[in-house]
Structure formats: structure tokens, C-alpha cells
Amino acid sequence: MRRALSLASLLLLPAAAAAQPPGADPGGDITAARAIGPVSVDGRLDEPSWALALPYRRFIQSFPVEAAPATQRTEVRVLHDASRLYIGIHCFDTHPGEIRRPLGRRDSPPPSDQLVIVIDAGLDHRTANLFVVTAGGVLGDGLFYDDDQSTYDWDAVWEGQVSVHGDGWTAELAIPLSTFRFPEAAEQVWGFGVQRIIGRSHEKAATVLLPRNGRGVVSRLGHLKGISGIRPGLDLELTPYLAARAAWRPRHADPDDFPRPRSFQPSADVGLDLNLRLGSRLTLTGAVNPDFGQVEADQIVLNLSSFEQFFPEKRPFFTQGLDLFQPVGAGFEDRVPQQLFYSRRIGLDAPILGAAKVVGRLADGIQLGLLDAVTSGTGMSGSAGFSSPMAAEDAPGRGGLRWSWAQPFRLASDGSYALVRPPTVNHLAAVLRVEAAERLLVGLSGTTTQALRERCRLDEAALDALPDNRRPGVCDIRSGHALALDWNATGPRGELYTYGQWAASQVAGGPTARTLADGTVLRHGDQGTGGYLRAGKRGGEPWRFELGWAYASPRFDLNSTGFQRTQNEQEARVVLRYARPGGGGPFHEWSIWGGAWQSWTTDGRGLQRGREAWVQAQGRLRDPYLWLELRLQWDDPQHDVREIDQTGIPLRRPGWTTLGVYTATDDGRMAFAESWVGLMKNQPFPPAAAPWAVGVYFGGVVRPHPRTETRLGLNYDPGAYALRYLADVGPVRRQPPDDPRQSDYYFGALQAPSLSLVLRQLVVLTPRLTLQLYAQLFSDYGRYGPYWAATRADGDRRPVEPGELRRATLADTGGYSLDFHDTELVVNAVLRWEYRLGSTLYLVYARNQAEVPFYAEPDPPTDPARGPPASLRPRSLARGPTSDTLLVKWSWWFGP
């Protein structure tokens with residue numbers, strides 16, 4: 001195994017190494033003892049077996065004084081028997097009254113005194129399980145992947161208890177051996193490390209040195225030795241569940257026009273989750289009719305761009321153990337430009353009937369991941385599953401419960417099924433990664449989404465001519481295939497790196513022809529290619545850099561199973577950073593960095609799609625413990641090839657300058673606050689105006705009691721657009737005596753501010769019984785004007801330049817107001833009780849409420865040019881369409 005400590009680190013610690021008591025291993029290695037009797041997990045370490053385990057005491061700081069001995073003594077002991085691994089840690093504290101031990105919900109440990117245990121049972125030096133236990137008894141677990149990237153999106157069934165006493169606190173953990181994937185051997189050798197975090201001082205100390213200016217966590221771990229007499233087996237875990245819902249929803253299919261009356265829609269579901277170890281290296285996870293009713297709702301956003309909004313995955317089946325399916329480089333970028341697998345696509349159009357995934361290792365250095373899911377649904381009673389919006393309330397069987405072969409594990413009222421029957425669709429993703437050489441991973445990935453037994457035979461134009469309730473559901477499924485080769489390589493110390501991906505895609509379903517926003521037409525069988533490359537230095541002091549390139553051909557499309565923000569684009573970028581993670585002067589750490597990027601089209605025209613440069617400074621003060629961040633950004637004018645939707649005519653849009661300031665206080669205190677203020681100015685771009693705009697975000701956390709936590713977030717987005725295409729008007733064909741082979745395109749300035757207020761309230765009744773409330777109130781409006789127009793002949797795809805825009809009026813666009821106003825309220829309340837190990841009972845209440853559209857008011861305006869008020873004040877929310885749902889979900893865990 002590669003050693004965790006560099007020579008320079010060892011030279012910093014001669015005194016610490018010499019001062020260790022007898023029995024302590026100076027190199028981070030710990031020896032486990034075999035338990036001689038039962039071990040009761042109560043946080044006391046008073047069983048005779050604990051006296052057999054040698055304590056490990058040598059902890060080294062990574063913060064605030066890197067490589068210094070820990071200020072508080074910590075002792076780690078490890079036991080095992082034939083089925084479990086036991087970890088006992090005694091955290092001595094010279095000021096026990098200052099131990100921070102607030103309560104929290106599982107997998108969301110609050111800032112506090114806590115322990116992080118990292119175990120690399122496969123000894124591959126890249127992936128590991130992590131377990132968290134706080135001084136308040138809050139548990140969490142997750143994964144490390146790619147050596148130092150971590151996620152809490154993994155769950156295991158294990159026990160942990162703590163006790164607080166006069167000289168500190170103690171944690172005791174019992175983890176089933178079936179949790180780990182380890183090879184068969186007479187004596188196991190695992191990667192192992194423990195980090196202790198002291199809340200009041202933010203000190204971080206671990207059994208190995210984790211330098212702040214270096215890379216790697218898993219590859220730096222010490223050894224856990226002495227585990228013998230265990231064998232991997234076919235351990236099976238089963239978790240069946242029962243769920244009952246009562247929902248009240250608008251009876252009509254168009255709730256905006258007809259929010260009342262509401263109908264009662266009961267339903268019941270049964271399902272099963274399973275985990276099965278396949279030998280010593282692979283694990284099968286399955287779900288039959290999975291239910292995610294306890295998952296927090298997505299946050300409401302106003303997306304006026306031509307790009308799809310990305311939402312994070314929150315459903316447990318898809319978040320757990322999917323690190324292998326993450327695109328290469330995902331841990332280092334907010335979002336990689338091309339993502340082959342995006343699990344939010346699954347279940348978007350129909351319920352998930354069943355899903356299964358296999359992850360693990362085929363052999364040393366070979367990782368495998370397979371995921372397959374089938375979605376299937378049924379429609380309301382009626383002719384061939386179709387129903388008209390006005391007849392939806394009269395659908396046969398709407399008042400009673402109904403069973404369907406398409407959803408065999410569900411019993412529900414007819415009104416709770418889809419208006420139009422969705423097709424049965426199969427989603428498949430596969431990943432194979434091989435350690436081709438030391439510090440070099442090469443991977444092959446493939447995805448496919450395909451409707452079963454059905455195929456769309458209509459093009460987009462024919463579909464647009466059909467009423468919404470008559471569109472064949474299979475035509476809304478963007479079936480397709482993708483294949484990618486990726487690589488990830490690092491230098492000897494992990495500081496130098498390169499990673500990237502090259503992929504190909506093929507359209508396999510959906511309309512026979514559809515037009516993308518930039519005017520590219522996709523037909524069945526069309527293929528495209530794309531990829532990205534990154535290289536640079538991300539560790540060490542003081543200089544770091546990155547070079548990047550990305551390419552996507554016009555017909556490259558990953559959005560059947562993956563996520564791709566755009567195609568028809570090539571981008572180059574450079575980033576240079578001066579970092580001092582060890583700080584200096586008043587700062588614990590600080591860095592200054594800047595960069596630039598430029599993108600252009602790949603359709604042969606080479607149009608500049610964007611160019612940006614920025615500089616940013618950030619750092620954390622020592623006293624007060626405050627994070628500061630300042631960013632200045634410049635964006636040049638660009639050719640927006642997606643704004644004039646589906647025409648292929650670019651719009652020359654103005655550039656802008658942004659200045660942003662972010663601050664955050666100490667999140668470990670009773671009250672925490674963060675804020676961001678952004679000042680944006682459009683660059684002069686006649687005839688468009690150059691408005692100023694200010695955006696504000698404020699977030700706060702208050703913990704008045706160890707059992708409660710209140711989080712508030714307020715976000716104001718000014719939404720100032722100097723020039724937008726009026727897509728609702730569309731191109732207007734000229735009439736004689738003008739040339740009928742020409743069309744007018746209309747544009748307008750847009751003021752579209754939005755205000756979002758989010759509340760998250762947590763009440764911890766016991767460590768296993770928690771109540772969580774989520775609420776969001778969202779409001780926005782849009783006001784267009786002044787207006788302009790430009791003319792293009794058929795087939796003329798020259799960019800629309802600002803100099804050719806001529807003034808227009810609302811009457812020219814048709815005389816109808818395009819202004820808008822929205823208000824929406826979302827509430828989720830979740831009571832979670834883990835009444836026995838791995839078994840839970842959920843009680844969930846959810847509410848969605850929206851305002852009455854302006855045109856649907858009881859006394860709508862007679863003047864079509866009059867739009868809704870330009871105000872962020874909520875309006876007619878109480879009279880708008882409302883849905884209420886009450887869910888009870890019970891599960892029971894069976895395991896080894």
C-alpha cells in the first residue's frame with residue numbers, strides 16, 4: 001500500500017512521534033482484536049473484549065496548525081467477530097462543558113464535535129465507506145470515490161451510540177461486515193483512518209496527516225490489521241414497505257382554468273427494496289415499485305433561459321452507491337458539460353415498476369456498474385386510455401379504486417392515474433472502469449433509453465397539430481443510445497492531473513423529426529459526437545492551474561438518459577490560481593484566482609457563443625471566523641443561437657459586468673448567517689438599454705436548543721434582460737404588398753424579478769424520531785417593453801444585429817399583453833421514526849398551491865393589452881389550484 005505520509009510531513013513531526021506511549025503505532029496502522037463475548041453498543045466500552053484491543057493515540061492536525069499534534073487526546077480501539085466490526089473511540093476533552101453536541105437527523109449531522117471513520121475494505125486506495133457519529137449521537141454515512149471526492153448519498157444499516165462523561169465523550173459503533181466488499185483472505189488488511197473534529201475550535205486531527213495543500217484521502221489511509229476468520233457471503237437484506245395516500249386535487253384536467261372543485265383520490269402501494277452480496281466483490285440492489293413520497297420537493301425556480309434546468313437527485317435508490325456512474329471529473333466541477341447518465345430522467349414520464357443495479361469489482365483494478373429500470377403506467381378509464389380535459393371528471397370508475405396490470409403493485413382511484421397512458425420504457429446504464437496503470441483509470445460507459453413495443457411515427461409538426469390529450473405518449477419519450485470512453489490520471493503526488501471523456505450518441509425514438517432550439521433537426525438514427533478534456537495542477541502551493549476544452553457536434557444529444565446543457569458548441573478555457581491553504585497574517589487560508597473561456601459554434605459558421613473573464617479572491621479570517629469572497633466578471637456580447645427558437649437565426653446579445661460579494665459566519669455557532677450581493681450592469685448596446693440590476697441572497701440558521709434548528713433563505717433575482725425574443729408571438733409572415741417570403745421577428749426588453757423565501761425547520765424528538773418541515777413561497781412577474789423588430793427572408797440565417805432593429809409597438813406583436821405573474825407555495829412536513837434498526841415509519845404531508853392566472857380571474861380585463869400587475873406581492877393564492885397529500889409509509893428491515 002502507498003504510504004500516507006510524505007517525507008516532508010515526517011520531518012515536521014519528530015517530537016510528536018517520539019512522544020507516543022508504548023503500544024501506539026507511529027504510522028497510522030491499527031490492529032483489531034477478536035471479541036471474546038457479546039458487545040453491547042451503548043457508548044461505554046465496558047465489555048472485557050475492549051481491554052484486548054490496543055489503543056491508537058497518535059492524531060495529527062490538518063487544521064488549524066497543519067502537522068502539529070492534536071490538542072486533545074483521542075484513543076481508538078477496534079474489535080471484530082464473525083459478523084460485525086466494532087469501533088470504540090474515547091475523545092478526551094479538558095473542557096467537557098464546551099463539547100458541542102446538538103441533535104440532528106440522520107445523514108445530516110449538524111456542526112458539532114464529531115468523528116469520521118473511513119474504511120477502504122477492498123484496499124484499492126480510491127474508494128472507501130465513511131461513517132460519521134457526533135457527540136450528540138447523530139449518525140451519517142457516505143462514500144469516498146476518486147480518492148478524495150465524497151458523498152452522503154449512500155446508506156447502510158449499522159448502530160452507533162455515544163456517552164458523555166467527566167473527561168470527554170465516547171463513541172461506540174457496530175457495523176455489519178456485510179456492509180463492506182472485501183476479498184477472501186486468511187487475514188484481512190483494510191485501509192483505515194479516523195478524523196476527530198472539535199466544534200468550538202474547528203480543529204481537525206486524524207490518525208494520518210491529511211495536508212490541506214495536497215490531494216488524496218483514501219490513498220493516505222493507514223492499515224487496519226488483525227481481522228481473520230471472516231468470509232464474504234451471500235448476505236441478503238430485504239425491506240418491504242406499505243404506503244397509503246390520501247390526496248385532494250383539482251378535479252378538472254386544466255386546474256388553472258378550473259381550480260375547484262377538488263376530488264378525493266386515495267391510493268395504496270406495496271413494494272420491496274433488497275440488497276444481495278454477489279460473492280466478495282459485487283452487490284445487487286433492487287427495488288420493486290419504489291416509493292419516494294418522503295423525499296423533499298424540488299426548489300421552485302424561474303427559468304427563462306433556453307436551457308433545461310438541472311435538479312439534483314434526492315431519491316434514495318438512485319443516490320445510494322452511484323458514485324461509479326458519476327461522470328469523470330464530477331467532483332471537481334459544478335457540473336461537467338456532458339453527463340451520460342442523469343437519473344432524474346427515470347420516472348419522469350411514468351412510475352418506476354422495478355429497478356436493479358449491480359456495482360463492485362470483477363477483479364483487482366476492474367470496477368463494474370450496471371443499472372436497469374423499467375417505467376410503466378396506466379391511464380384513466382376511457383377509450384384507449386384517452387380522455388378529454390373537460391370530461392376528466394366524468395371518467396368511469398373515478399370514484400372507486402382500480403387495479404391495472406401496468407402497475408400491479410398499486411391500487412388507486414381512477415383519477416390518480418395519468419390522463420394519457422404512458423408507454424413502458426426501459427432505461428439502462430453500464431460502466432466498466434479499469435486501472436490500466438498506477439494512477440490511471442480508463443472507463444467505458446453506455447446508456448440507452450427505449451420504449452418497449454411502441455414507436456412514434458409522427459414528426460413534430462404533426463404532433464403539434466394534435467390536442468395535448470391526443471398525443472401518443474411514446475412520442476414524448478426521447479429514446480436514444482450513447483457510448484463514451486473516459487480517463488482519469490494523476491501524478492505521483494496527486495497534484496498534476498488530466499481527465500476527460502469522448503462520447504457518441506444516436507437518436508432512437510421520439511418524433512420522427514424534431515427541431516432543437518438552435519435550429520438543428522434531429523431524425524431517427526442521427527448520430528453525434530462530443531467530449532471534454534481537463535488538465536492541470538490542483539494541489540501544492542502556491543500556483544495551480546487548469547486548461548480545459550469541450551466539444552459537441554450539432555447532432556450530439558445525450559438527453560435521452562443523460563444531461564447535456566447544449567450542443568453545437570466548442571469551448572476552451574484557462575484558469576490560474578494562487579493558493580495559500582496554510583494561510584498567513586489574519587487568514588487561516590486564502591487564494592486568488594482568475595480565468596477566461598470562449599465558446600463558438602461547431603456547425604461550420606464559427607459564431608462566438610460566449611466569452612468571459614473573471615477574477616476572484618477568497619479567504620477565511622482567523623478572528624472573527626469569517627469567510628469572505630469577492631468576484632468580478634466580464635461577459636462579452638455573444639451570438640445566442642438558441643434565443644430565436646428553432647429558426648437557426650442567431651441573436652447578437654449585449655454583454656454584461658458583474659460584481660459579487662459573499663460572506664459567511666461560523667456555521668458551528670448557535671446562529672449562522674451568509675449573504676451574497678451581486679451588482680450587474682449591461683454593457684451599452686444600442687438600441688437596447690443598459691440597465692443596472694442588484695441581486696441579493698441571505699441565509700440564516702438558528703439553533704436555540706440542541707433539539708431544534710431553523711433555516712431561512714431569501715433570494716431576490718432582478719431578472720433584467722436587455723433583449724429577449726418574443727417566442728409567444730413567433731415569426732410573423734409578411735403579407736402582400738410586402739414580400740410574403742419574409743417574416744418579422746419581434747423582441748423586447750424584459751424585467752422579470754423573482755423572490756423566493758425558503759424555510760426548513762427541524763425538531764429532533766429523539767435521535768431516531770425527527771420532524772422536518774420544508775416550505776417555499778415563490779413569486780415573480782414579467783414586464784415586457786420597449787419592443788423592436790427585425791426582418792428575415794426565408795432561408796436567411798444571418799445573425800440579427802442590434803443596428804438593424806427597428807422600434808415596434810405592442811399592436812405590431814398582436815396587441816395582446818405578454819406580461820406574466822406567478823405565485824406558488826410548496827409545503828412538505830415529514831415525521832420520521834426509525835422504530836427498530838433499519839425499519840422506519842413515515843408520516844408525510846405535502847401541499848402545492850398556485851395563484852389563479854390573470855386571464856382566469858372572475859372579472860378578467862377587457863383590454864387585451866393589459867397584463868397582470870408588476871408586483872412581487874402574492875395574489876389570489878387562496879383561490880388558486882391546490883393539491884394536498886397525506887402519506888403513511890411503513891417499512892421493515894430483514895438483514896443478517
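The values are calculated or read from the model by the stated rules, or taken from the named source; none is laboratory data. From a predicted model like this one, the values you see are computed outputs, not experimental measurements. As a convention, Cβ positions derive from the backbone with ideal geometry for all residues, glycine included, and neighbour counts pool all protein chains shown. In case anyone asks, the SASA skips ligands and DNA or RNA and just uses the protein heavy atoms, side chains included. Shrake-Rupley method; radii C 1.70, N 1.55, O 1.52, S 1.80 Å.
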How large is ³J(HN,Hα) for each residue in the stretch 307-318, as worked out from phi by the Karplus curve 6.51 cos²θ - 1.76 cosθ + 1.60 (θ = phi - 60°), to whole Hz, x for Gly and Pro? 10, 5, 7, 8, 10, x, 7, 10, 6, x, 4, 8
When ligands, DNA and RNA are left out and all protein chains stay put, how many square angstrom of accessible area per residue does the stretch 59-175 have with a 1.4 Å probe? 29 Å²
Cross-link reach from K225 to aspartates and glutamates, straight Cα distance under 18 Å and at least 8 residues apart if same chain, gives D25, D29, E75, D81, D120, D124, E184, E187
Express in nm, to one decimal, how much length is gained between L628 and F92 on full extension, taking 0.36 nm for each residue of separation and deducting their alpha carbon distance. 189.6 nm
Counting only the backbone N, which residues of the stretch 586-602 are under 19 Å from the spot 7 Å out from the Cα of D636 toward its beta-carbon? 594-602
At R0 = 35 Å, how high is the FRET efficiency between D863 and A689 if r is their beta carbon distance? Nearest 0.05 is fine. 0.85
Evaluate the relative contact order of the stretch 137-224 (contact order divided by residue number), counting alpha-carbon pairs under 8 angstrom at least 6 apart; express in whole percent. 23 percent
Using alpha-carbon pairs under 8 Å, 6+ residues apart, how would you state the relative contact order of the stretch 52-144 in percent? 19 percent
The chain: relative contact order as a whole-number percent, Cα under 8 Å and 6+ apart: 9 percent
Please calculate how many Å² of accessible area the stretch 697-779 carries per residue, with a 1.4 Å probe and no DNA, RNA or ligand atoms counted. 47 Å²
Segment A246-R453, length gained on full extension (0.36 nm per residue, minus Cα span): 71.2 nm
Among 154-160, 874-880, 143-149, what's the highest-first ranking by average C-beta atoms within 10 angstrom per residue? 143-149, 154-160, 874-880
Could you let me know the centre-to-centre spacing of the stretch 81-139 and the stretch 772-833, using Cα atoms, in angstrom? 49 Å
Around L302: net Lys/Arg minus Asp/Glu count, Cβ-Cβ under 11 Å: -4
I'd like the carbon and sulfur percentage of the solvent accessible area for the chain, probe radius 1.4 Å, heavy atoms only, ligands and nucleic acids excluded. 58 percent
Along Cα→Cβ, 7 Å out, is where each label goes; now give me the distance between the ones at A437 and V615 in nm to one decimal. 3.9 nm
List the trypsin sites (Lys or Arg not before Pro) within the stretch 425-474 that DSSP assigns to loop and that have no more than 14 neighbouring Cβ atoms inside 10 Å. R453, R457
In the chain, which cysteines lack any other cysteine Cβ under 4.7 Å from their own? C91
Tell me the label-point distance for the pair H202, K537, using the 7 Å Cα-to-Cβ offset, in nm and rounded to one decimal. 2.7 nm
Cα-based Rg and Dmax for the stretch 443-488, where Dmax is the largest Cα-Cα distance (Å): 15.4, 49
Output ³J(HN,Hα) for the stretch 500-515: one whole-Hz value per residue in order, computed from phi by the Karplus curve 6.51 cos²θ - 1.76 cosθ + 1.60 with θ = phi - 60°, and x for Gly and Pro. x, 8, 10, 9, 9, 9, 9, 7, 10, x, x, x, 4, 8, 9, 10
Separation of the K314 and A68 label points, Cα + 7 Å toward Cβ, nm: 4.2 nm
Rolling a 1.4 angstrom probe over the protein heavy atoms, how many square angstrom per residue are accessible across the stretch 226-354? 43 Å²
Assuming 0.36 nm per residue, please report the length gained on full extension of the stretch N213 to D364 beyond their Cα-Cα distance. 51.4 nm
Just to check I understand the Karplus step: with θ = phi - 60° and J = 6.51 cos²θ - 1.76 cosθ + 1.60, what whole-Hz values come out for the stretch 799-805, glycine and proline as x? x, 7, 9, x, x, 9, 6
